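The values are calculated or read from the model by the stated rules, or taken from the named source; none is laboratory data. Computed from a predicted model, the values in this text were never measured in an experiment. In this analysis, Cβ positions are derived from the backbone assuming ideal geometry, glycine residues included, and neighbour counts consider all displayed protein chains. The area values use the complete protein model at the heavy-atom level, side chains included, leaving out ligands, DNA and RNA. Shrake-Rupley method; radii C 1.70, N 1.55, O 1.52, S 1.80 Å.
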Amino acid sequence: MLNPILAIPFIITPLVTGTIGYFATVMGFAGKAVVMVPWTTPPIINAWLSTAGSMGAVVTQIICIMVSVLIHLPFVKVAARRAYAAEAKNQQPELARNQSEVL
């Protein structure tokens, strides 16, 4: 089942990280992408290869990864809290049934 709580950072994160990458490129901090690398290339290596060795692009990608984690973190905590509460709620009738069987 889809989790609407996690849909929020799923939409917001690319907008924020795309903006960070755009401004880093426009300001000249990160080099422009000049090589098309396979999509399976790992992060950080991907930035370095696609910009022909721009360390600014690597730093920008690391910053974007950290920002992405910070955006997702509160939503993941809320989703985990809700999942824990739902699991506890589902186990209460089971515990009551098990206790009545013992008696």
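A few notes on this one:
- Residues satisfying the stated conditions in the range 38-71, i.e. in a helix (DSSP H, G or I), in contact with a helix residue (DSSP H, G or I) (Cβ under 8 Å, 6 or more places away or on another chain) and open to solvent by 60 Å² or more (accessible area, probe 1.4 Å): Trp48, Met55, Ile63
- For the criterion of being modelled with pLDDT under 95 and loosely packed, with under 12 Cβ neighbours inside 10 Å, Arg97 passes.
- Residues of the range 13-33 satisfying the condition of being open to solvent by 70 Å² or more (accessible area, probe 1.4 Å) and free of Cβ contacts under 8 Å to residues at least 12 places away in the same chain: Pro14, Leu15, Tyr22, Phe23, Val26, Met27
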